[in-house]
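Structure first, commentary second.
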Amino acid sequence: MKPIELSFEFFPPKTQEGIEKLRATGAQLKALNPKFVSVTFGAGGSTQQGTLDTVLEMMKQGLEAAPHLSCIGSSKDSLRGILGAYREHGIRHIVALRGDLPSGMGEVGELRYASELVSFIRAEHGDWFNIEVAAYPEYHPQARTPKSDLENFVRKVQAGANSAITQYFYNGDAYFRFVDEARKLGVDVPIVPGIMPITNFSQLMRFSEMCGAEVPKWIARRLESFGDDKEAIRAFGLDVVTGLCERLVREGAPGLHFYTLNGAAASKTICERLGLPTA
Ligand code: FAD
């Protein structure tokens, strides 16, 4: 089987306990030889220093770390400042997003879409940064039509993205169709599926409602039927997500990007079950 590139996503912890837990998670996942880890960024300033601090912590652990950066609600000057700080710290990999305005924050900012942020980064920093962008196999919830969303994705790649990470999904067909359509429109960069391990039913339904990812009915009903039986949820979730990953890898996905929620166990077990040689 051809080697596959793994990456893991974290969020900036808010407490000392969270920082220590993430340090341990980073150490465990490093054993899987990931290509990089990434750290989310809160639009509107909530976790911006936390993003940089967490990235630096991961780099200290010997991991390549990519901060996310969102443009909504920001001025070009503030983005320029953040990008400059990343560069000063030797960061060369970034996930460029539009983000979502926190409720109550009215100002859209100077860059309206992720494609504009990618163009801005390229104009200010040339090829310094390796840029990832987001892709939506089930389409972005605010997209006017699937076609326009796909065209907007193509625009981000044309603006200079090096590769893409998808929103999570549990329907492999949606991913493969999306990749096919993007290829037909000339996109040749890797489109890496985002994988959300299943460990908690109510949390999964809440996240999915917010980001527009579909949890197929057969999965939701089975999970719901387990009630508070955490072990049954864990076992079923591992089976479902490992099966999805097996298919993705077998049918040509270039890598797997895990939404870890700062825990190592589920992502690590899935990778071990897959028995993948990593790149
Ligand atoms: P865009 O690509 O700008 O698209 C947003 C919407 O605008 C889409 O509906 C698109 O079709 C439409 N659109 C784009 N261009 C145009 C145009 N020119 N004209 C008209 N319509 C257009 N959020 C965070 O706040 N922090 C994070 O760290 C974070 N990390 C993420 C990581 C990944 C891998 C993914 C998949 C999502 C992440 N998100 C994060 C969530 C993301 O910010 C939201 O999904 C957000 O709503 C869209 O961001 P985007 O970069 O995909 O936006």
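The values are calculated or read from the model by the stated rules, or taken from the named source; none is laboratory data. Since the model is a prediction, treat every value here as computed from it, not as a measurement. Here Cβ is always computed from backbone atoms with ideal geometry, including for glycine, and neighbour counts include all displayed protein chains. What goes into the accessible areas is simple: the full protein's heavy atoms, side chains included, and nothing from ligands, DNA or RNA. Shrake-Rupley method; radii C 1.70, N 1.55, O 1.52, S 1.80 Å.
One table, with the values for the structure above:
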{"read-out": "Qualifying position, being without any contact (Cβ under 8 Å) to a residue 40 or more places away in the chain and within 29 Å of A253 (Cβ to Cβ), among K30, K60, K14, K35", "value": "K30"}
{"read-out": "Members of segment 188-200 that are open to solvent by less than 50 Å² (accessible area, probe 1.4 Å) and over 16 Å from G252 (Cα atoms)", "value": "M196, P197, I198"}
{"read-out": "Segment 164-180 residues that are of a type in the set (G, A, S), paired with ones that are within 13 Å of the ligand (Cβ to nearest atom) (beta carbon under 6 Å, 6 or more apart)", "value": "A164/V133; A164/A135; A164/I191; A174/P137; A174/E138"}
{"read-out": "Selected residue (criterion: surrounded by the fewest Cβ atoms within 10 Å (Cβ to Cβ)) from residues of segment 35-86 that are among the basic types (K, R) and farther than 24 Å from G194 by Cα", "value": "K60"}
{"read-out": "Selection from segment 158-173 of residues that are within 12 Å of the ligand (Cβ to nearest atom) and open to solvent by 20 Å² or more (accessible area, probe 1.4 Å)", "value": "Q158, A159, Q167"}
{"read-out": "Set F176, F258: member being aromatic (F, W, Y) and open to solvent by 20 Å² or more (accessible area, probe 1.4 Å)", "value": "F176"}
{"read-out": "Residues (out of contact with any Lys or Arg (no Cβ under 8 Å at 6 or more places or on another chain) and not in a helix (DSSP H, G or I)) located in segment 243-258", "value": "E251, G252, A253, P254, L256, H257, F258"}
{"read-out": "Whichever residue in segment 73-93 is touching a helix residue (DSSP H, G or I) at 6+ places or on another chain (Cβ under 7 Å) and outside any helix (DSSP H, G or I) and, among such residues, is nearest to the ligand (Cβ to nearest atom)", "value": "I91"}
{"read-out": "Total residues in segment 87-103, condition open to solvent by less than 20 Å² (accessible area, probe 1.4 Å) and in contact (Cβ under 8 Å) with a residue 40 or more places away in the chain", "value": "3"}
{"read-out": "Boolean, G263 is in contact (Cβ under 8 Å) with a residue 60 or more places away in the chain, open to solvent by less than 30 Å² (accessible area, probe 1.4 Å) and more than 16 Å from the ligand (Cβ to nearest atom)", "value": "yes"}
{"read-out": "Number of the exception - R122 against (1) more than 11 Å from the ligand (Cβ to nearest atom); (2) buried (at least 20 other Cβ atoms within 10 Å of the Cβ); (3) assigned to a helix (DSSP H, G or I)", "value": "(2)"}
{"read-out": "Any hit, segment 3-12, residues being over 15 Å from G263 (Cα atoms), within 16 Å of the ligand (Cβ to nearest atom), part of a strand (DSSP E or B) and open to solvent by less than 50 Å² (accessible area, probe 1.4 Å)", "value": "yes"}
{"read-out": "Any hit, segment 220-230, residues being under 30 Å from Q16 (Cβ atoms) and either among the small types (G, A, S) or open to solvent by less than 20 Å² (accessible area, probe 1.4 Å) (or both)", "value": "no"}
{"read-out": "Residues (among the aromatic types (F, W, Y) and either within 16 Å of the chain's Cα centre (by Cα) or surrounded by fewer than 23 Cβ atoms within 10 Å (Cβ to Cβ) (or both)) located in segment 125-157", "value": "W128, Y136, Y139, F153"}
{"read-out": "Contacts under 6 angstrom Cβ, first residue in segment 109-125 being free of Cβ contacts under 8 Å to residues at least 60 places away in the same chain, partner part of a loop (DSSP other than H, G, I, E, B) and away from the ligand (no atom under 14 Å from the Cβ), 6 or more apart", "value": "E110/S75; I121/F129"}
{"read-out": "Some residue of segment 202-211 being open to solvent by 30 Å² or more (accessible area, probe 1.4 Å), farther than 20 Å from T260 by Cβ, out of contact with any strand residue (DSSP E or B) (no Cβ under 7 Å at 6 or more places or on another chain) and touching a residue at least 12 places away in the same chain (Cβ under 8 Å)", "value": "no"}
